[in-house]
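The values are calculated or read from the model by the stated rules, or taken from the named source; none is laboratory data. Just so it is clear, the model here is predicted, and its values are computed rather than measured. All Cβ positions, even for glycine, are placed from backbone atoms using ideal geometry, and neighbour counts span all protein chains on display.
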Amino acid sequence: MRTMLYPGSFDPVTLGHMDVIARASRAFERVIIGVLYNEKKPVGAFTVDQRLRMLREVTAMYPNVEAAAFSGLLVGAVRMCGADGVLRGIRTTADVEDELQMARLNLMMAGVETVFFAASPEVSHISASRVREIARLGGEIRGLVPDAIIGQILGVMGAASKA
Ligand code: PNS
């Protein structure tokens, strides 16, 4: 497997995602970060453009990593970008059930294989939903997201908390 699609909501990108991206950039020839729609998270805090802008900014140092948005099924995105498979990160056992279900469905529907990276222990407690909650309530998000995008996150979440 040379080219992997790393899909997610990335609402916003966290240091947990960055852990997977850094390791994937070493393990694979090409990594395409795919911003996709998750039916369980219908309303995002950040627009797809904002998510892509943040992703591109914080992955600029990896020449073999790119980011793009896709609509529809993940298996369609895999086909469209010519990836050899899907990459997902697993943080805790709570992730496993849903991830196995998605991986099996994608395999059954389109023969698409999923590779899992175990989250590094120092970031396995981080989730984008907690980052949004902490930012909205005025907490400290340094250490949870890349420093370079803290201002952008607070700009959007601060405005949301005052709305
Ligand atoms: O970061 P997330 O929210 O956990 O990512 C979930 C995502 C976007 C990868 C998943 O919801 C997805 O694959 N969405 C595309 C639609 C799709 O293919 N649904 C069927 C999955 S079996």
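Quick notes on this structure:
- Inside segment 15-34, residues that are closer than 22 Å to residue 141 by Cα and under 8 Å from the mean Cα position of the chain (by Cα) make up a count of 1.
- Complete set of residues in segment 1-57 that are of a type in the set (Asp, Glu), within 19 Å of residue 126 (Cα to Cα) and within 11 Å of the ligand (Cβ to nearest atom): 11
- Residues of segment 102-153 that are within 16 Å of the ligand (Cβ to nearest atom), under 26 Å from residue 86 (Cβ atoms), part of a helix (DSSP H, G or I) and of a type in the set (D, E, K, R): 104, 130, 132.
- Residues that are in contact with a helix residue (DSSP H, G or I) (Cβ under 9 Å, 6 or more places away or on another chain) and of a type in the set (D, E, K, R), drawn from segment 14-39: 19
- Answer residue from segment 77-101, given it is in a helix (DSSP H, G or I) and β-branched (Val, Ile, Thr) and is farthest from the ligand (Cβ to nearest atom) among those: 93
- Some residue of segment 127-145 being surrounded by fewer than 13 Cβ atoms within 10 Å (Cβ to Cβ) and on the phi > 0 side of the Ramachandran plot: yes
- So residue 91, is it basic (Lys, Arg), over 16 Å from the mean Cα position of the chain (by Cα) and either modelled with pLDDT of 95 or more or surrounded by 15 or more Cβ atoms within 10 Å (Cβ to Cβ) (or both): no
- Residue 21 being out of contact with any Cys (no Cβ under 9 Å at 6 or more places or on another chain), more than 14 Å from residue 116 (Cβ to Cβ) and assigned to a strand (DSSP E or B): no
- Qualifying residue in segment 66-76 (condition: within 20 Å of residue 16 (Cβ to Cβ), assigned to a loop (DSSP other than H, G, I, E, B) and out of contact with any Phe, Trp or Tyr (no Cβ under 8 Å at 6 or more places or on another chain)): no
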